[in-house]
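The values are calculated or read from the model by the stated rules, or taken from the named source; none is laboratory data. Bear in mind that the values here come from a model prediction, so they are computed numbers and not experimental data. Note that we place each Cβ from the backbone using ideal geometry, even for glycine, and neighbour counts take in every protein chain shown.
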Amino acid sequence: MQNKFSLLFVAMFAAVSVSGARAADDVDAEMDELSAAAVADYRVEGSLFQQITDLEQEKVLMQLEKERAQLDLELDRLAAEKIRLHMEIDTLSGRAEAQQQEIETEKAKLEAEAARLAREKEALENAADAAPRKVSVAVSTNDAAGVDLTEKYRLVNVIGAGAQLQATVEDLNTGQNKRVSVGKTLDGYTVKSISLDDGVVLESDGDIQTLNISSNR
């Protein structure tokens, strides 16, 4: 009797187990269907996930915009710095050109001054060369007597007519010619007369000397 009861209990437990397993399978199947339907009916637009995604995108875009603005500022700063450097270079170039111009102007002035001095020097040298060399023999009236004019001068020629006669005498020491006329002096001697025949007659304190062609060497 007891054995029958045990078999009956086992049979009932097995039936309940099978029934429970079937019920669990049915529940799982219903859940799968509900999940599939929920997934099919799910709309991304306006969902919390969409909002979170949009916020993240906006955050990334804002960060990128901020970085781009920073880059723009940096580029503007570099452009301003470039302009400033160009202005400084232009200023320095202008100063250098001005200084170079001043140097060239000063150089031109110095060259002009040097040329002017050279011309003045040349003019003075030419004037000195053109000026007759005067050999002055200081002979006092008292010492003129005794000087032999024929040893110092020779008569070159007599030109003119009448009272306008003039004589040309050559200084034997320097080779220069001198023009004398009546009343002029020569080494302290006064020209008393000039004639073609007698030549030049000179007198000093009673000492009379004559320069004529015959006395020439």
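Considering only residues of the range 152-195 that are touching a helix residue (DSSP H, G or I) at 6+ places or on another chain (Cβ under 9 Å) and in a loop (DSSP other than H, G, I, E, B), which is surrounded by the fewest Cβ atoms within 10 Å (Cβ to Cβ)? Filtering first and then ranking leaves L172.
For the range 111-151, enumerate the residues that are part of a loop (DSSP other than H, G, I, E, B) and at pLDDT 80 or above.
From the range 111-151, those part of a loop (DSSP other than H, G, I, E, B) are 131-140, 145-148; that's our starting set.
Result: D148, single match.
Does Q70 satisfy being modelled with pLDDT under 90 and surrounded by 10 or more Cβ atoms within 10 Å (Cβ to Cβ)? No: the conditions fail for Q70.
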